[in-house]
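None of the figures in this text is laboratory data; all of them are computed from the coordinates on show. All of these numbers come straight from a predicted model, not from anything done at the bench. Glycine gets a Cβ as well: all are built from the backbone with ideal geometry, and neighbour counts include every protein chain shown.
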Amino acid sequence: MLGEITLPILNANLEFDEVRWRTTRKASYDSQLSFVGGGRKTLLPAGTKLFRLVPLPNGDYFHGQWWMPEKTFNQLKNQTNRASHGGGRLLRNQIVQGLALPSANQLCVIEIELVANVFGWSGIASGLFDKHGGLEQIFLPNLPRSGDPTFSDHAKISGTFWLKF
């Protein structure tokens, strides 16, 4: 199409060693330790849906680098829906324990859809931060537009969901 801008594939020219220290915490940590055996560079095609927990929906959705693939999120959601008790608290606890992330008071799920192909690093979460690990996770740095964590050229918000306690 005339005038259509083609974006370069996000993170295509980067190796994990160049991004593994880019965390959102004040005290950075080595993201490689968050994966069992390290993360593998993975092409995530446009249309891919990714999920993560946040404390509150504040519009700063693209700032975090850690995401769950749709398959992992749906598996946990289905397990929670079959449970006789727990609801949102059970889902949050399963996600927090299964991913190698620092603890936080997450109350909301963010769903994004990639609108362009991107490279991220995927793998099984380790037991970092005294968690169980074992879930598939995606490390996706550089997603927000530079200087504006509320917008991404490579993804759009598909939904936000409150966890029912």
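Data overview
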{"read-out": "Glu136 versus Glu113: modelled label distance in nm, points set 7 Å from Cα along the beta carbon direction", "value": "2.0"}
{"read-out": "Potential lengthening between Phe129 and Arg40 on full extension [0.36 nm per residue; Cα-Cα distance subtracted]", "value": "29.9 nm"}
{"read-out": "Whole-Hz couplings from phi, Karplus 6.51/-1.76/1.60, listed for region 126-142; x for Gly and Pro", "value": "7, x, 4, 6, 6, 9, 6, x, x, 9, 6, 9, 10, 9, 10, x, 6"}
{"read-out": "Stokes-Einstein D in µm²/s, Kirkwood radius over Cα pairs - the chain at 25 °C with 0.890 mPa s viscosity", "value": "151"}
{"read-out": "Computed helical MRE - 222 nm, the chain, DSSP H runs ≥ 4 contributing -39500 (n - 2.57), nearest 500", "value": "-5000 deg cm²/dmol"}
{"read-out": "Sorted by Cβ density within 10 Å, fewest first, the residues Phe16, Phe151", "value": "Phe151, Phe16"}
{"read-out": "Helix axis angle, 70-82 relative to the chain longest principal axis, alpha carbon, degrees", "value": "20"}
{"read-out": "Potential extension, Leu33-Asn81 segment - 0.36 nm per residue separation minus Cα distance", "value": "14.1 nm"}
{"read-out": "Other-chain or far-sequence residues with amide H under 5 Å of Trp66's (modelled H)", "value": "Leu140"}
{"read-out": "FRET efficiency estimate (nearest 0.05) - Cβ-Cβ, Glu15 to Leu56, R0 25 angstrom", "value": "0.15"}
{"read-out": "Amide H within-cut-off set for Asp153, under 5 Å, with H built and near neighbours excluded", "value": "Arg145"}
{"read-out": "Between helix 87-98 and the chain: long-axis angle, C-alpha atoms, 0 to 90°, nearest 10", "value": "60"}
